[in-house]
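Contents: one structure, followed by commentary.
The values are calculated or read from the model by the stated rules, or taken from the named source; none is laboratory data. Computed from a predicted model, the values in this text were never measured in an experiment. Neighbour counts are summed over all protein chains in view; Cβ atoms, including those assigned to glycine, are modelled from backbone coordinates with ideal geometry. These accessible areas exclude ligands, DNA and RNA; they are computed on the full protein's heavy atoms, side chains included. Shrake-Rupley method; radii C 1.70, N 1.55, O 1.52, S 1.80 Å.
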Amino acid sequence: MTDFNIIRVARTVLNVKDLDRSRKFYVDALGFIETERTDEAIYLRGLEEHTHHSLVLKKSEQYGVHALGYKVESNEDLDRLQALFQSKGLKTKWLEEGTQHALGRALHVHDISGMPLEFFCKMDAAERMLQRYDLYKGAKIQRIDHVNCSVPDVEKAYNFFVNELGFACSEYTATDQDRIWAAWLHRKQTVHDQAFMNGEGPCLHHIGFWLPDPMAIIHCCDVLASLGYAAIIERGPGRHGLSNAFFLYLRDPDGYRIELYSGDYLTSDPDFKPIRWDLNDPRRQTFWGTKAPDSWFNETAPFLDIETGDPVGTSAPTLEQKKPEFMI
Ligand code: DHY
């Protein structure tokens, strides 16, 4: 048991080169709601979200991803989290209320893999648009679902998130030698808030957004093609073996990978047993056996340091980064 309560992954902040170009993609094509726009940033939320934003696009020439934002239950949880990170010798930094738009006091840290994380308990409210069907557009984005990161040592990241931060594992991929190659970890009662995959890192692999149903994904493919975005569809649509969700992977105008995701399952019972997938089982990625393209394995986005804003240094993966046998 931890002495703090992390509720869920709640927001991500991406640097983008051209706000108008990004707005066309996220608002006009994918159907995000624009809560606010300034000269420096666009604040976006899904139709179900009653908070100010779950995605911030910040104008910058520096490609990269700011600290991944987790919502916690109380202000005291933030102090307890700082004590934990400090006790492990990890970097922490306070951002007092008012420093970040629409957000209360926040704690920024680098975790055991060097990945920047943010914890906060307060965000401005916004109108929930779930039953404004007249505003449903594109992919009908409902809410942020998860973040997936590439890290050099998945077992180290797994142990930190499970033993220190109180996450539970829903599913994992293991090698022939029973080493954990990838893990899906959750605080909310779905398959994941946070996934880790073996690879050069720490880097962001993708941000997953929840859609109401698989037809929203199919319809989004049609909308993307109509708007001239067909080339940015990277993988899918398909059904994941692992998680059982229906999916589509896209690359946004700056190159960040977005997953449209719908239909995983409840993981609330404490006696739920993590599901093991063999790295060489072709159905774990796409249940129908379809291969993922090389770019999906090889391309990620850099994280930015919480102090300097420069890209965080990366290390090569500890497990051999060979592709599963069925893909060769
Ligand atoms: C998988 C990837 C995801 C996810 C669920 C399952 C498995 C895979 O395709 O490797 O991004 O959300």
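Overview of results
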item: Residue list for segment 263-288, restricted to those being part of a strand (DSSP E or B) and either within 10 Å of the ligand (Cβ to nearest atom) or within 17 Å of residue 206 (Cβ to Cβ) (or both); result: 277
item: Selected residue [surrounded by 14 or more Cβ atoms within 10 Å (Cβ to Cβ), modelled with pLDDT of 90 or more and acidic (Asp, Glu)] from 305, 310; result: 305
item: Residues (among the aromatic types (Phe, Trp, Tyr) and assigned to a strand (DSSP E or B)) located in segment 233-257; result: 246, 247, 249
item: Residue match in segment 116-130 (condition: within 16 Å of the ligand (Cβ to nearest atom) and not hydrophobic (A, V, I, L, M, F, W, C)); result: no
item: In segment 201-232, residue least open to solvent (accessible area, probe 1.4 Å) [restricted to those that are among the small types (Gly, Ala, Ser) and in a helix (DSSP H, G or I)]; result: 216
item: Members of segment 183-197 found to be more than 10 Å from the ligand (Cβ to nearest atom), open to solvent by less than 10 Å² (accessible area, probe 1.4 Å) and assigned to a strand (DSSP E or B), listed by number; result: 183, 185, 194, 196
item: Hits in segment 105-123 (condition: open to solvent by 20 Å² or more (accessible area, probe 1.4 Å) and of a type in the set (Val, Ile, Thr)); result: 112
item: Strands (runs of 3 or more DSSP E) enclosed by segment 1-100 - at least 1 residues per element that are farther than 24 Å from residue 299 by Cα and at pLDDT 95 or above; result: 6-16, 33-37, 41-45, 68-72, 92-95
item: Only listed residue being open to solvent by less than 70 Å² (accessible area, probe 1.4 Å), small (Gly, Ala, Ser) and in contact with an Asp or Glu (Cβ under 7 Å, 6 or more places away or on another chain), chosen from 31, 69, 64; result: 69
item: First in segment 281-299 and among the hydroxyl-bearing types (Ser, Thr, Tyr), second anywhere and open to solvent by 10 Å² or more (accessible area, probe 1.4 Å) and more than 8 Å from the ligand (Cβ to nearest atom), Cβ under 7 Å, 6 or more apart; result: 286/239; 295/234
item: Test: residue 260 is surrounded by 19 or more Cβ atoms within 10 Å (Cβ to Cβ), away from the ligand (no atom under 12 Å from the Cβ) and assigned to a strand (DSSP E or B); result: no
item: Enumeration of residues in segment 209-249 that are under 27 Å from residue 183 (Cα atoms), touching a Pro at 6+ places or on another chain (Cβ under 9 Å) and more than 12 Å from the ligand (Cβ to nearest atom); result: 214, 217, 232, 237
item: Extreme residue, nearest to the ligand (Cβ to nearest atom), among residues of segment 135-180 that are within 13 Å of residue 276 (Cα to Cα), in a strand (DSSP E or B) and open to solvent by 10 Å² or more (accessible area, probe 1.4 Å); result: 172
item: Enumeration of residues in segment 94-105 that are of a type outside the set (A, V, I, L, M) and under 22 Å from the mean Cα position of the chain (by Cα); result: 100, 101, 104, 105
item: Hey, residue 204 under 18 Å from residue 10 (Cα atoms) and in contact with a Phe, Trp or Tyr (Cβ under 9 Å, 6 or more places away or on another chain) or not; result: yes
item: Any pair with Cβ under 8 angstrom, 6 or more apart, that starts in segment 230-259 at a residue that is farther than 13 Å from residue 218 by Cα and ends at one that is in a loop (DSSP other than H, G, I, E, B) and of a type in the set (S, T, N, Q); result: 240/285; 240/286; 241/285; 241/286; 242/285; 257/300
